[in-house]
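Only the coordinates and a few stated rules stand behind these numbers; no lab work does. These numbers were taken from a predicted model, which means no experiment stands behind them. Note: ideal-geometry Cβ built from the backbone for every residue, glycine included; neighbour counts use all protein chains shown.
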Amino acid sequence: MFKKSIPSLFTITNLVLGMAAMGLSAHRHVADAALLVVIGMVLDGFDGRVARWLHAESAFGRELDSLSDIVTFGAAPAFIMYQTILQYEGWLGIAVGLLFPVCGALRLARFNVEHRTTRYFVGLPITAAGGILATMALYRNLLAYDAVVLPLAMVLLSLLMVSTVRYPNFKKIGFPKSAIVMVPLLAILVYLLFRFHHAVVNRLIFIPLAVYALYGVWRIVRRTHRGKDSETGIAESHSK
């Protein structure tokens, strides 16, 4: 019985980290809050694998995972960004802050009803979007026009979550069952890594996550460009 509860313990820990991140953000500890979201990403990447390794997959676990995700990667990053910059933008800041978790909830709902196991995600996963948003908040005062750039980037992340752009599903990359022993070691490594200067490390983590999100933007641009080329080709063929 305990074995079947292990994946849920990962998920609940993820949920607790999300709530703790909001508490830290409320007290202006933005770097610490972003760190908890990043650790939540690590746990989220393992709970499903652990469930499969232990043959403990269940509908309850999937629902709990979605509820945890909307807190840790939807509400918490949005609150971090609100505390960082959106609170100074009036009603517009409130609207942008609400848009992100709403789109995240829509993204999760769509994923839950698809019932398909594929090697790609449709729309930017909320885990990646939340990690990007939480670490992106640390770039305030490092970017020109950050009061404009950061909210616009937040809106873009929100729209990418509910888009139909396909993203690679790295959760389908296989690992041996023996890798489960690496989970506590990885947690210790993350703690030691972020013990000093973790704001700098968080900013570095933002880079690969941002590249992953921009992959979807590139696919949209390429698809649009191909569509225009096709229309041009058809128009030229009709004119001959």
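Select from the range 86-154 those trypsin sites (Lys or Arg not before Pro) which occupy a DSSP coil region and have at most 11 other Cβ atoms within 10 Å, ordered by residue number. Please report the intermediate quantities before stating the final value.
Working: sites: Arg107, Arg110, Arg116, Arg119, Arg140; in loops: Arg116, Arg119, Arg140.
Loop-located and lightly packed - Arg116, Arg119.
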| Stretch Arg219-Thr164 to full length: gain in nm at 0.36 nm per residue minus the Cα-Cα span? | 18.7 nm
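Size of the dipole of the range 1-57 about the Cα centre, Lys and Arg at +1 and Asp and Glu at -1 on the beta carbon, nothing else charged, in debye to 20?
On the way: 5 positive and 4 negative charges, 30 e Å.
That gives a dipole near 140 debye.
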| If each of Arg226 and Ala109 carries a label point 7 Å out from its Cα toward its Cβ, how far apart are those two points in nm? | 3.1
| field | For the range 30-88 and the range 95-157, distance of Cα centres in Å | value | 13
| Taking the Cα centre of the range 1-118 as the origin, how large is its charge dipole in debye, to the nearest 20, when only Lys and Arg (+1) and Asp and Glu (-1) carry charge on their Cβ atoms? | 260
| task | Note down the nm distance, to one decimal, between modelled labels 7 Å out along Cα→Cβ at Leu67 and at Leu152. | result | 4.0
| said: Can you give me the long-range amide H partners of Val165? Hydrogens built in the peptide plane at 1.01 Å from N, cutoff under 5 Å, separation of 5 or more residues or another chain. | reply: Gly123
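Once you order the gyration tensor axes a ≥ b ≥ c over the Cα atoms, which shape class does the range 90-140 get: rounded for a/c under 1.5, otherwise prolate or oblate by comparing a/b with b/c?
Values: a/c = 4.48, a/b = 1.72, b/c = 2.60.
The shape class here is oblate.
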| Measuring from label point to label point, each 7 Å out along Cα→Cβ, what is the Leu142 to Ile6 span in nm? | 3.7
